[in-house]
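Handing you a structure now.
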Amino acid sequence: MNYPMNPILDTPGAIAGPATAAIAVVIPSYRVTRHILGVIAGIGPEVARIYVVDDKCPDASGAFVRANCSDPRVTVLEHAENQGVGGAVMTGYRAAIDDGARVIVKIDGDGQMDAALLPDFVAPILAGEADYTKGNRFFDLEQIRQMPAMRLFGNAVLSLMTKVSSGYWNLFDPTNGYTAIHADAARHLPFDKISRRYFFETDMLFRLNTLGAVVADVPMDAKYGDEVSNLKISKVVTEFALKHVRNLGKRLFYNYYLRNMSLASLELPLGLGLLGFGTVYGLARWIGSAESDVATPAGSVMLAALPVIMGVQLILAFLAYDIASVPTRPLHKKTLFRRVP
Ligand SMILES: Nc1nc2c(ncn2[C@@H]2O[C@H](COP(=O)(O)OP(=O)(O)OP(=O)(O)O)[C@@H](O)[C@H]2O)c(=O)[nH]1
Ligand SMILES: [Mg+2]
């Protein structure tokens, strides 16, 4: 069944009141039978379709929803094999896009996300201010105190790594799974290339940046109850670090050498080269003079110090350019990306 077109959508923030026909929710479901019915019940009338994606759940949460939920908006989709949260979300995105949804919200099935916040995620997209919105649990200091220390530290490190690898220097809390996306932006994502497990949310940001999509943070409170945590911090950090380096390399190549060239494309290699040369040459001369107990000539010192200083300056100039290059004009406002009705 396709979504009927709804004129009120063009009025920014007008998603209150009866179902606005083009907002869909995707719920990736794995070991959530104790929470999912509550999650669905909490989704307001502004949402027309709900896709519950059973990711080969050992508790058969898909069948559980079919048996216990009478909400006509709900469609249960099932994976023949477990694909991870990312795999489940992308199955939901595809179904919602095929059905003509305009904005697709992702809410986890474990009750950690308050569905009442959904309008805050959708409004910036309908107002044409963003292509993608994601939750940020670091706005309210009071709330932050409730967060487990290990998660706080992990998030801070991951946030910094993601700013660098994704190019979204304006965002924080990148692993936050509460998100919303405009269908016209989702349509251009390379679904098959996006990480499907815990790196999913972070990899989405990288892919959205390569499209030039605008992403905005939405303040939200984290809800931690009796749900079992599947996240193993130690395993995640190493795996994430490698993937961040990979994404950074790709982003720099795509944005500064493949699709565009600017002064920054010169500043980075020159800066790294000078910093590398100055450091190696300086260390070598330093060790040499320490071993021979002969003072290093001023010229040699300058030959090391100058490249280091210039190198650092050039790298800082590159970073300033990269920070200023965060996308500002939403993708779905660009005619090229807009779906032809
Ligand atoms: N763990 C896990 N969750 C999955 C999988 N497939 C879909 N999901 C769903 O993806 C969402 C996020 O998974 P969570 O395990 O809650 O991940 P998280 O919120 O980062 O970690 P926690 O804080 O431990 O809840 C939930 O709705 C899961 O039910 C899977 O293969 N493994
Ligand atoms: Mg969770």
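I'd like the distance separating the alpha-carbon centroids of region 114-155 and region 30-76, in whole Å.
23 Å
Taking the Cα-to-Cβ direction at residue 333 and at residue 41 and moving 7 Å from each Cα, how far apart do the two end points lie in nm?
Computed distance between label sites residue 333 and residue 41 equals 4.1 nm.
Right, next: Roughly how many percent of the accessible protein surface of the chain is carbon and sulfur, given a 1.4 Å probe and a whole-percent answer?
Carbon and sulfur together cover 64 percent of it.
Can you show me the helix-derived [θ] at 222 nm for the chain, built from DSSP H runs with n ≥ 4 at -39,500 (n - 2.57) apiece and divided by the number of residues, rounded to the nearest 500.
Numbers: 11 runs with 156 residues, N = 341.
Rounded to the nearest 500, it is -15000 deg cm²/dmol.
Pairs to check: 106/250; 106/193; 56/243; 193/333; 193/334; 106/334. Give those whose C-alpha atoms are more than 22 Å from each other in this structure.
Checking Cα-Cα distances, 106/250; 56/243; 193/333; 193/334; 106/334 exceed 22 Å.
Another question, if that's okay. What is the ratio of the Cα radius of gyration of region 120-232 to 2.2 N^0.38 Å, with N the residue count, to two decimals? Please list the in-between numbers first.
Working: Rg = 14.1 Å, N = 113, 2.2 N^0.38 = 13.3 Å.
For region 120-232, the normalised Cα radius of gyration is 1.07.
Quick check: net charge around residue 133, other residues with Cβ under 13 Å of its Cβ, Lys/Arg +1 and Asp/Glu -1?
My count for the surroundings of residue 133 gives -4.
How many Å² of accessible area per residue for the chain, probe 1.4 Å?
Per-residue value: 48 Å².
Additional query: What residue among 272, 208, 252 shows peak mean-square fluctuation when the chain is described by a Gaussian network model with Cα springs under 10 Å?
272
So how tilted is helix 200-211 from the main axis of the chain? Cα-based, degrees 0 to 90, rounded to 10.
Helix 200-211 sits roughly 70 degrees off the main axis of the chain.
Moving to a separate point now. Could you pull out which residues in region 118-139 have an amide N less than 19 Å from a spot 7 Å beyond the Cα of residue 152, following the Cα-Cβ vector?
Under 19 Å, as judged by backbone N against the label point of residue 152, lie 136-139 of region 118-139.
Enumerate the residues in region 276-291 having an amide nitrogen under 15 Å from the point lying 7 Å beyond the Cα of residue 312 toward its Cβ.
So the set is 276-280, 282-283.
Near residue 208, within a Cβ-to-Cβ distance under 12 Å, what is the net charge of the other residues, with Lys and Arg +1 and Asp and Glu -1?
Taking every Cβ under 12 Å from that of residue 208, the sum is 0.
Quote the relative contact order of the chain in percent (integer), defining contacts as alpha-carbon pairs under 8 Å separated by 6+ residues.
About 17 percent, as a whole number.
Oh, and also: Starting from the Cα of residue 143, step 7 Å along the direction of its Cβ; do the same at residue 187; then give the gap between the two resulting points in nm.
Using points 7 Å along Cα→Cβ, the separation is 3.3 nm.
Another one. Once you place label points 7 Å from the Cα toward the Cβ at residue 242 and residue 285, how far apart are they in nm?
4.0 nm
Is the shape of region 275-333 rounded, prolate or oblate, going by the alpha carbon gyration tensor and its root eigenvalues a ≥ b ≥ c, with a/c under 1.5 for rounded and a/b larger than b/c for prolate? Show your work: numbers first, answer last.
Values: a/c = 8.19, a/b = 4.42, b/c = 1.85.
Prolate, since a/c reaches 1.5 and a/b exceeds b/c.
With the chain treated as a Gaussian network of Cα nodes joined by springs under 10 Å, which of 174, 124, 269 yields the largest mean-square fluctuation?
Looking only at 174, 124, 269, the largest GNM fluctuation is found for 269.
May I ask for the equivalent-ellipsoid semi-axes of the chain, computed as the square root of five times each C-alpha gyration tensor eigenvalue and listed largest first in whole Å? Walk me through the numbers on the way to the answer.
Numbers: eigenvalues 404, 108, 55 Å².
They are 45, 23, 17 Å, listed largest first.
The values are calculated or read from the model by the stated rules, or taken from the named source; none is laboratory data. Please read these numbers as outputs of a predicted model, since none were measured by experiment. All Cβ positions, even for glycine, are placed from backbone atoms using ideal geometry, and neighbour counts span all protein chains on display. Ligands, DNA and RNA are stripped out before the accessible areas are found, and what is left, the full protein with its side chains, is counted by its heavy atoms. Shrake-Rupley method; radii C 1.70, N 1.55, O 1.52, S 1.80 Å.
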